[in-house]
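Chemist: Would you mind keeping the following structure in view while I ask a few things?
The values are calculated or read from the model by the stated rules, or taken from the named source; none is laboratory data. Because the structure is predicted, anything quoted here is derived from the model rather than measured. Cβ coordinates were reconstructed from backbone atoms using ideal geometry, including for glycine residues, and neighbour counts include every protein chain displayed.
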Amino acid sequence: MILAKRALVLGATGGIGSETVAALRRHGWRVTAMARHPATGPVAQIADGVDWVIGDAMSADDVRRAADGVQVIVHAVNPPGYRDWDKLVLPMIDNTIAAARATGARIVLPGTIYNYGPDAFPDLTEDAPQRPVTEKGRIRVALERRLQEASATGLGVLVVRFGDFFGPQAGNTWFGQGLVTPGKRLRFVTYPGRKGVGHAWAYLPDAAETIARLLDRAEDLEPFARFHFEGVWDPDGTLMPRAIATALGRPGLRVRPLPWALLHLAGLFDTTAREICRMRYLWRRSIRLDNRRLVAFLGEEPRTPLPQAVGATLAGLRVR
């Protein structure tokens, strides 16, 4: 008797969480999708083969109950608005690890590049030294260290690190809150980086598809498997703004620099603005994720043509 593949996705209403739910369903998984609030909008329409449950990743009991009978736990949760990382990030991963120990599930972490410092730039490999320069980076290092320690005791762990997300359901991103304004007619593109500095982007449906394809070959993964997703490489900071203008049919759309000085001022009173400013270093140096290990394992990296990806993102964010 072949048991159905079952996965738990924590943070299932978020950008990477919702896309991973959809990708796993395409690959034949039955999914338990957990979120703190009931699903709404497009993500709520993912119904066939998905069991939606309300729960909090900060509750060990909620995670353990939701993980009953699953072979995979996708840890796609992050504190909202860049807030309270020091209070939330590590307790949440501890709850996921405890649930995985109880069920024997593999943990999947959609990773970031926060855990790298400028000494590892511009070309990031999976084994590059992790010497972060921010508290968020140090927390991400601690998070991954806990996963590596758990893998040494028998748990399977898969970490896939990505650049900045964009996609139809990616409002809480640099793309959705920086470059464009959801629900508005765009008068200009705001760009946080310097001209001539490269930047790595990850289209969410491609990112989720990559996770699903890796899980299709779970038996070939190392106990602590790590991969980098190259995604869309903008070599000089002009590719993404130009793609936005083209998708909107306004090739002459202006590009303005992000007013970092005003953001710093706002950070005196607003936590989110302050935390965003602390991540500015990611826009001052070129950063590219080396995906050779991923391509060697899968044969290719899922890649939606940029015009299609940007067009779908703008439509999803109702930008015109």
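Chemist: (1) surrounded by 14 or more Cβ atoms within 10 Å (Cβ to Cβ); (2) out of contact with any Leu (no Cβ under 7 Å at 6 or more places or on another chain); (3) under 27 Å from residue 201 (Cα atoms): which one isn't true of residue 60, the others all being true?
Modeler: With respect to (1) surrounded by 14 or more Cβ atoms within 10 Å (Cβ to Cβ); (2) out of contact with any Leu (no Cβ under 7 Å at 6 or more places or on another chain); (3) under 27 Å from residue 201 (Cα atoms), residue 60 is out only on (3).
Chemist: Scan region 237-257 for residues that are farther than 18 Å from residue 165 by Cα, part of a loop (DSSP other than H, G, I, E, B) and not basic (Lys, Arg) and report the count.
Modeler: Total meeting the criteria: 5.
Chemist: So in region 281-320, with the set limited to residues that are part of a loop (DSSP other than H, G, I, E, B) and within 18 Å of the chain's Cα centre (by Cα), which one is surrounded by the fewest Cβ atoms within 10 Å (Cβ to Cβ)?
Modeler: Of everything passing the filter in region 281-320, 303 is surrounded by the fewest Cβ atoms within 10 Å (Cβ to Cβ).
Chemist: Taking region 253-271 only, how many residues are over 22 Å from residue 194 (Cβ atoms) and surrounded by fewer than 13 Cβ atoms within 10 Å (Cβ to Cβ)?
Modeler: 3
Chemist: When you look at residue 131, is it in contact with a Leu (Cβ under 8 Å, 6 or more places away or on another chain), without any contact (Cβ under 8 Å) to a residue 60 or more places away in the chain, farther than 22 Å from residue 208 by Cα and not aliphatic (A, V, I, L, M), yes or no?
Modeler: Spelling it out, it is not the case that residue 131 is in contact with a Leu (Cβ under 8 Å, 6 or more places away or on another chain), without any contact (Cβ under 8 Å) to a residue 60 or more places away in the chain, farther than 22 Å from residue 208 by Cα and not aliphatic (A, V, I, L, M).
Chemist: Shifting gears a bit: What residue, of 53, 70, 74, 31, is aliphatic (A, V, I, L, M), over 26 Å from residue 163 (Cα atoms) and crowded, with 20+ Cβ neighbours inside 10 Å?
Modeler: One residue alone meets the criteria, 70.
Chemist: Let me ask something additional. Could you tell me whether region 212-220 includes any residue that is surrounded by fewer than 20 Cβ atoms within 10 Å (Cβ to Cβ), modelled with pLDDT of 95 or more and either touching a Lys or Arg at 6+ places or on another chain (Cβ under 7 Å) or closer than 19 Å to residue 310 by Cβ (or both)? Walk me through it before giving the result.
Modeler: Looking only at region 212-220, we keep the residues that are surrounded by fewer than 20 Cβ atoms within 10 Å (Cβ to Cβ), and these are 213-214, 216-220.
Imposing the further condition that a residue be modelled with pLDDT of 95 or more reduces the set to 213-214, 216-220.
Those left that are additionally either touching a Lys or Arg at 6+ places or on another chain (Cβ under 7 Å) or closer than 19 Å to residue 310 by Cβ (or both): 218.
Yes, that holds for at least one residue.
Chemist: For the subset of region 194-204 comprising residues that are touching a residue at least 60 places away in the same chain (Cβ under 8 Å) and crowded, with 22+ Cβ neighbours inside 10 Å, which member is farthest from residue 295 (Cα to Cα)?
Modeler: This residue is 199.
Chemist: If we only count strands (runs of 3 or more DSSP E) wholly inside region 154-196, which ones have 1 or more residues that are farther than 27 Å from residue 301 by Cα?
Modeler: In region 154-196, 188-191 are the strands (runs of 3 or more DSSP E) which contain 1 or more residues that are farther than 27 Å from residue 301 by Cα.
Chemist: If I ask for residues that are of a type in the set (Ser, Thr, Tyr) and within 22 Å of residue 170 (Cβ to Cβ), which ones from region 62-96 would you list?
Modeler: 82
Chemist: Now, a different point. Go through region 57-110 residue by residue and tally those that are of a type in the set (Gly, Ala, Ser) and under 16 Å from residue 159 (Cα atoms).
Modeler: Of the residues in region 57-110, 3 are of a type in the set (Gly, Ala, Ser) and under 16 Å from residue 159 (Cα atoms).
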